[in-house]
Amino acid sequence: MEHQLADGAEYDVIIAGASFAGLAVAAPLRGKRVLLLDRKPVGTRPTSACGTTLQALQALGLEEAVQQIHQEVTLHTPYRSVTYPASHTQCVLDYALLCRLLQERGDAEFSQTPALGLEQGGVRTSQGIYRGRFLVDASGWRATLASSLRPGLVRADHLSVGIETVIPHRQEGLHFWLGISEKRAIDIGWVFPAGDVSHV
């Protein structure tokens, strides 16, 4: 099947994935012709429990996105629970705000279309092929571009499955639950408090 070029100009950088990683790459490239590709609008698809070190956000000047700071971590097992001081101050963040702040720092173009792989020296999408001098794969576990270069890179039998929701719940500290299922798989759960709610 022949795919047409999506537009006539070549980009300096094309980034597959407009989550935190892709936006962090794009932000310092202001003045370059940068294209961000993602299947969802920016900031609408959290890809984690929205927790990181406070120092990481401070280094990026993104403290505005912090919802709650945590100094302790509690590990719960079937046998006992242990609370210990976090080696680095942790925080839970507002993912949509974080993405918006990062997007505002750069001037990248955004196209709401998924990157489907590499083709004809560019990135194939449902809208055609975009060409760029540098290509960045920030598509997370899907490794969309990298998998085009190395088929079999992503193995379904090596992937985990997670379900997360947000509930009304106030608490201090980050909490993790660890268990072993009947199939000898490791089951992990967590509660990341963020003000009046928690990511569970």
Restricting region 34-74 to residues that are outside any loop (DSSP other than H, G, I, E, B) and among the β-branched types (Val, Ile, Thr), the residue that is most open to solvent (accessible area, probe 1.4 Å): Ile69
Hits in region 107-133 (condition: open to solvent by 10 Å² or more (accessible area, probe 1.4 Å) and under 30 Å from Thr52 (Cα atoms)): Asp107, Ala108, Glu109, Phe110, Ser111, Gln112, Pro114, Ala115, Leu116
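For every residue, the table says whether it meets (1) open to solvent by less than 30 Å² (accessible area, probe 1.4 Å); (2) in a strand (DSSP E or B); (3) touching a residue at least 12 places away in the same chain (Cβ under 8 Å).
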residue	(1), (2), (3)
Ala146	no, no, no
Leu153	no, no, no
Asp157	no, no, no
Ile163	no, no, no
Gln171	no, no, yes
Leu178	no, yes, yes
Glu182	no, no, no
Trp190	no, yes, yes
Pro193	yes, yes, yes
Tally, over region 83-125, of residues that are aromatic (Phe, Trp, Tyr) and in contact (Cβ under 8 Å) with a residue 24 or more places away in the chain: 2
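One line per residue, one yes/no per condition, for (1) under 30 Å from His175 (Cβ atoms); (2) in contact with an Asp or Glu (Cβ under 6 Å, 6 or more places away or on another chain); (3) not hydroxyl-bearing (Ser, Thr, Tyr):
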residue	(1), (2), (3)
Ser81	yes, no, no
Tyr84	yes, no, no
Val92	yes, no, yes
Tyr95	yes, no, no
Leu101	yes, no, yes
Gly106	no, no, yes
Gln112	no, no, yes
Glu119	no, no, yes
Residues within region 77-113 that are in a loop (DSSP other than H, G, I, E, B), in contact with a strand residue (DSSP E or B) (Cβ under 7 Å, 6 or more places away or on another chain) and of a type in the set (Ser, Thr, Tyr), tallied: 2
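The values are calculated or read from the model by the stated rules, or taken from the named source; none is laboratory data. Not measured: the values here are computed from a predicted model. Cβ coordinates were reconstructed from backbone atoms using ideal geometry, including for glycine residues, and neighbour counts include every protein chain displayed. Areas reflect the complete protein model, heavy atoms only, side chains present, ligands, DNA and RNA absent. Shrake-Rupley method; radii C 1.70, N 1.55, O 1.52, S 1.80 Å.
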